[in-house]
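The values are calculated or read from the model by the stated rules, or taken from the named source; none is laboratory data. Note that the structure is predicted; figures quoted are calculated from it, not measured. Positions of Cβ are backbone-derived with ideal geometry, glycine not excepted, and every protein chain shown enters the neighbour counts. The area values use the complete protein model at the heavy-atom level, side chains included, leaving out ligands, DNA and RNA. Shrake-Rupley method; radii C 1.70, N 1.55, O 1.52, S 1.80 Å.
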Protein chains: 2
Amino acid sequence: MQWRREDLHVAVRDPAAASMNFLNEVAARFPDAVSLAAGRPYDGFYVADDIERYLQVFRDHLAGAGLSASAVDRTLLQYGRTNSIIGDLIARTLAVDEGIEVPAEAVMVTAGCQEAMIIALRGLCVGPEDVVLAVEPCYVGFTGAARILGIDVVPVPEADDGLDADAVLRVAREVRESGRRPRALYVVPNFANPSGVSMPTAVRRRLLEVAAEAELLILEDDPYGLFGLDDEPRPTLKALDREQSVIYLGSFAKSVFPGARVGFLVADQVVVDAAGRSSVLADELSTVKSMLTVNTSPIAQAVVGGVLVESEYSLRVANRSKTEFYRRNMRALLAALEQEFGDDPRISWNTPSGGFFAVVSVAFSADEAMVEVSARDYGVLWTPMGFFYGAGGGERAIRLSCSALEPPRIEEGVRRLGKFVRDRVS
Amino acid sequence: MQWRREDLHVAVRDPAAASMNFLNEVAARFPDAVSLAAGRPYDGFYVADDIERYLQVFRDHLAGAGLSASAVDRTLLQYGRTNSIIGDLIARTLAVDEGIEVPAEAVMVTAGCQEAMIIALRGLCVGPEDVVLAVEPCYVGFTGAARILGIDVVPVPEADDGLDADAVLRVAREVRESGRRPRALYVVPNFANPSGVSMPTAVRRRLLEVAAEAELLILEDDPYGLFGLDDEPRPTLKALDREQSVIYLGSFAKSVFPGARVGFLVADQVVVDAAGRSSVLADELSTVKSMLTVNTSPIAQAVVGGVLVESEYSLRVANRSKTEFYRRNMRALLAALEQEFGDDPRISWNTPSGGFFAVVSVAFSADEAMVEVSARDYGVLWTPMGFFYGAGGGERAIRLSCSALEPPRIEEGVRRLGKFVRDRVS
């Protein structure tokens, strides 16, 4: 049986996936190019022997909590609770690290943060009139998740301080006037991917007010929160949330390792049924989870659980060396940009206060054809910002990532980028 | 923020999940009841120490294939290929055990078979006119997956030999006449859940003809194929498939262990794009996978990979003791039913040739209220067959499972069931 590609669901042709495939393909063709495109964590942190140690720590933890040896075996290898076996450990960690106080029942462990997005979107969007808002430029995993479910994503333009409250209200109003319901707003308050932008605390507080006013739930995604350039407190929206307006989407991909494929969501909202019985939203969403992936691999959960136990419930403690590494990299990137472009008024860039990404504004159209030229003739790869917009935008900007390389390579990459950019604008 | 349950997506109120919750809740209230409802694998097979051994076997396998130590570390802990790191091992195992000859690129590893269903459904069903057919009574995970995506499932009544070819053609025609497109047919040819029914080889061949005639792709689910009562060959549809009409949905939950949450799909169909370029369907579906869960935990994949390597690519070999166990259990169940009901013309049951389930037909309505009576007053739990029908059916039948217990408990359960049933029909 042969199929025409057009006869498959539109999600198969996800433009973000096509873009990422394009970047991977260019990277494969020019293996000597420095990749300032790859946003993955640094390879050097990963030692497979750690898996066994963390598994053992978690098994000891269960035994210490009174489980028999066979109960431990079953916990790791048998079918288990849909929502998690480490929800209590995650709740404890959120309290220690983030001041987020939620009961363990409000935590659902997911097959990576990507599944958390799908589950939240599926639970909240009931019919074709339900849409979600997202700050744009937007992480492509979120728009891709919405595409899988056929949910429209309506962009809210990002501001220099992360969010323009008036823009949120205006977009929400326009959506309602068009007969649709805005159900939620997706934001990354800390060091967003792709822009690197963060919200000051005052903006976060204002966002919570606005969300309440516009009857929007907030989907807060926080994969990079541990990696600020300094130790300034950056309260999560969930920590500031007094009205249960926030669903927190958590990732362990950067703070533990990507291979666990363990993420989570925190949904402590109260749900009331027709008979007046109330439950917690995370519990209600367990049905969605059970029909997507049944439960998250307890083996993978156990590895993450071991990390949490070993660090005494602080990912900030567990990540000290990673945090130092990424700080050094971001400083190296920003210093190299200053060195390379500081005297050139035609080139500007933002100065993120942490995370993996920064954005350079250039005076030419930085599209896929330009990526190829850059890789082939200048030996440096980057990501067009246009990839992160739904319908136009970001044409003259590029995303640089500093997570996967060491400082000397970052500096070499920016030198090559300088030559490439100057050849375009002179 | 408080939500009304009616304002959440219908998937939250999945009737199958509600039914399973009901059974779990009854089981918790009557802990001394024998559960002939639980269809999970037997607990006794699971030893957590095995995880580390299998991980090591897989790491050695990678090292033996020439990967450096750091490449092995990255394979297990870093982001990786969307579709799999063990697709080659699975393809080899399918060739050894099932005579299924497909390239490794046709295999996608998923977060359990549940995700394989979601991915296949999402890829194939493009718009609201696209529906899938499923043999009814139907595994609730399949109907639940379709509900997540808003895809209608149209039932085809199960026959005593698994499938009535004319019924498939009739239902497909009716669907087309109603202006919709039947895209695929979901079947479990070996020892189906819930019915225990299997298709003779001739029926399988006829099904392939019928599917081609009706332009239906077949979604073949085969979680119990290793657990026949005898060693008779039962060719999978995929092994018989000459026209790439079959997507094979694979599970390791019973053959390895549920806690891995590793399943897979085999989709070797050719897909051609507008420019005439061809690819393999599993590759096209990788975009869907990437937006659901990015990739399947390579740690979990490594554990399963270790099992495949250690068994020299034969799950039939790796499962010899499990197969013996489940054979003994099914024989014990069937013998106990004969002992209990053999003289009673009002009670009948089927005699599955393997698997975990059998169905007893009774002369009264076996609904949730009856489950509660049975658990409370007779100390035995079972599953109403009505759970497995979309809109009526199975009211006077119950599913018995023999997978989670040892024979003496199965026999005790059937004795209790006998008393319960006779009290209803006399």
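Values computed for the structure shown
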| quantity | calculated |
| --- | --- |
| Inter-copy label distances at B:Ala159 (7 Å, Cα→Cβ; nm, one decimal) | 6.8 |
| Sorted peptide list for A:34-47, A:268-281, criterion being average Cβ within 10 angstrom, highest first | A:34-47, A:268-281 |
| 1.4 Å probe, heavy atoms, protein only - residues of the range A:73-95 losing at least 10 Å² accessible area vs chain alone | A:Asp73, A:Arg74, A:Leu76, A:Leu77, A:Gln78, A:Tyr79 |
| Nearest-first distances (nm) between copies at B:Ala28, label 7 Å from Cα via Cβ | 4.9 |
| Over chain B, relative contact order from alpha-carbon pairs under 8 Å, at least 6 apart, % | 24 percent |
| With Cα atoms, 0 to 90° folded angle of helix A:15-29 axis to chain A main axis | 60 degrees |
| Span from the the range A:78-135 Cα centroid across to the the range B:54-129 one, whole angstrom | 26 Å |
| Chain A: angle of helix A:298-310 to the longest principal axis, Cα-based, in degrees nearest 10 | 80 degrees |
| Cα gyration tensor shape for the range B:343-402, rounded if a/c is under 1.5, else prolate or oblate | rounded |
| For A:Tyr313, solvent-accessible area (1.4 Å; no DNA, RNA or ligand), Å² | 20 Å² |
| Per-residue HN-Hα couplings for the range B:404-417 [Karplus 6.51, -1.76, 1.60; θ = phi - 60°; Hz; x = Gly/Pro] | 8, 10, 9, x, x, 6, 4, 5, 5, x, 5, 4, 5, 4 |
| Residues whose placed amide H lies under 5 Å from that of B:Leu133, excluding near-sequence neighbours | B:Val154, B:Arg183, B:Ala184, B:Leu185, B:Tyr186 |
| For the range A:164-173, Karplus couplings with θ = phi - 60° (6.51, -1.76, 1.60), whole Hz, Gly/Pro x | 9, 4, 5, 5, 4, 5, 4, 5, 4, 5 |
| Å² of accessible area per residue within the protein assembly as shown, as computed with a 1.4 Å probe and no ligands counted | 36 Å² |
| Cβ-vector label at 7 Å, A:Pro128, separations to other copies in nm | 0.3 |
| Accessible surface buried upon A-B contact (total; probe 1.4 Å; Å², nearest 100) | 7300 Å² |
| Backbone HN-Hα couplings from phi across the range B:321-328 [Karplus 6.51/-1.76/1.60, Hz, Gly and Pro as x] | 6, 5, 4, 4, 4, 5, 4, 4 |
| Separation between Cα centres of the range B:1-25 and the range A:299-356, rounded to whole Å | 40 Å |
| A:Ser403 accessible area, assembled protein chains, probe 1.4 Å, Å² | 0 Å² |
| Among B:94-100, B:60-66, B:81-87, B:300-306, the order from most to least packed when residues are scored by Cβ within 10 Å on average | B:300-306, B:81-87, B:94-100, B:60-66 |
| Sulfur and carbon atoms: percent of accessible area, chain A [1.4 Å] | 48 percent |
| Rough spin-label spacing in nm, given labels placed 7 Å along Cα→Cβ, for A:Asp161 and B:Asp273 | 4.4 nm |
| Cα gyration tensor, the range B:160-279 - rounded (a/c under 1.5), prolate or oblate | oblate |
| Solvent accessible area, Å² - A:Asp230, 1.4 Å probe, full protein context | 60 Å² |
| Computed [θ] at 222 nm, deg cm²/dmol, chain A (DSSP H ≥ 4; -39,500 (n - 2.57); rounded to nearest 500) | -13000 deg cm²/dmol |
| Among B:314-324, A:140-150, the order from most to least packed when residues are scored by Cβ within 10 Å on average | A:140-150, B:314-324 |
| Residues in the range B:1-32 occluded by at least 30 Å² - accessible area, probe radius 1.4 Å, against chain by itself | B:Met1, B:Gln2, B:Trp3, B:Arg5, B:Glu6, B:Asp7, B:Leu8, B:His9, B:Val12, B:Ala17 |
| Ranked order, A:Tyr224, A:Tyr54 - accessible area, probe 1.4 Å, largest first | A:Tyr54, A:Tyr224 |
| Simple label model, 7 Å out from Cα along Cβ direction - B:Arg205 to A:Ala71, nm | 5.5 nm |
| Fraction of beta bridges assigned by DSSP in the protein assembly as shown that are antiparallel (%, nearest 5) | 50 percent |
| At least 40 Å² of accessible area lost relative to the chain alone, listed for the range B:279-312 with a 1.4 Å probe | B:Glu284, B:Thr287, B:Met291, B:Leu292, B:Thr293, B:Ser297, B:Ile299 |
| In the range A:118-175, the GluC sites (Glu not before Pro) that fall in loop regions by DSSP, at most 16 other Cβ within 10 Å | A:Glu129 |
| The range A:188-222 and the range B:160-225: distance between their alpha carbon centers, rounded to Å | 49 Å |
